[in-house]
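Trainee: Structure below; questions to follow.
The values are calculated or read from the model by the stated rules, or taken from the named source; none is laboratory data. Keep in mind the model is a prediction, meaning the values are calculated, not measured. Here the Cβ is made from the backbone with ideal geometry for all residues, glycine too, and neighbour counts use every protein chain on show.
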Amino acid sequence: MGKTTKHTPGPWKQYMHGWQCICQDVPTEDGAIGQGIAQVLQYSEMKESTARANAALMTAAPELLEALEDCARWITANIIAMAITTDGNFEVWLAENKTLQNANAVIKKAKGE
């Protein structure tokens with residue numbers, strides 16, 4: 001991820017060990033899988049495909065966060081540029097943009113802020 005984060009940096013990888021194990025995708029010197037991050041358990045009423053899908057979503061979390069941060073920066077830059085070229089008030093436009101508000105709220109949630 002390049003930036004300092006509170007969470008284990010990505011990329012993460014999904015492994016099968018009788019359950020879905022999510023580990024940092026950086027093998028150890030002895031070739032073992034990377035540092036363990038989480039386990040997704042499959043309870044009796046849960047389908048295996050659901051457990052795998054949950055683990056896949058969690059595995060993508062670092063990249064999803066980074067992509068959402070990029071999108072929020074892009075939206076912000078474009079609103080400011082558009083406001084400047086049209087003599088608009090970018091502060092109002094930023095405050096009223098629901099997509100940007102939602103993105104920033106999810107980013108804060110993901111970072112535990």
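Trainee: Taking the stretch 56-113 on its own, how many of its residues are under 30 Å from residue 37 (Cα atoms) and over 23 Å from the mean Cα position of the chain (by Cα)?
Mentor: Residues in the stretch 56-113 being under 30 Å from residue 37 (Cα atoms) and over 23 Å from the mean Cα position of the chain (by Cα): 0 in total.
Trainee: Hey, does the stretch 41-64 have a residue that's surrounded by 14 or more Cβ atoms within 10 Å (Cβ to Cβ) and β-branched (Val, Ile, Thr)?
Mentor: yes
Trainee: Could you grab me the full set of residues in the stretch 69-105 that are surrounded by 14 or more Cβ atoms within 10 Å (Cβ to Cβ) and of a type in the set (Val, Ile, Thr)?
Mentor: Across the stretch 69-105, the qualifying residues are 75, 76, 79, 80.
Trainee: A further question on this structure: So which helices (runs of 4 or more DSSP H) stay within the stretch 57-113 end to end and still have 3 or more residues that are of a type outside the set (A, V, I, L, M, F, W, C)? Write out each step before concluding.
Mentor: On the way: elements: 61-85, 90-96, 98-110.
Per the criteria, 61-85, 98-110.
Trainee: Consider residue 61 against the criteria (1) more than 30 Å from residue 26 (Cβ to Cβ); (2) modelled with pLDDT of 85 or more; (3) of a type outside the set (S, T, N, Q): it satisfies all of them except one. Which criterion is unmet?
Mentor: Condition not satisfied by residue 61: (1).
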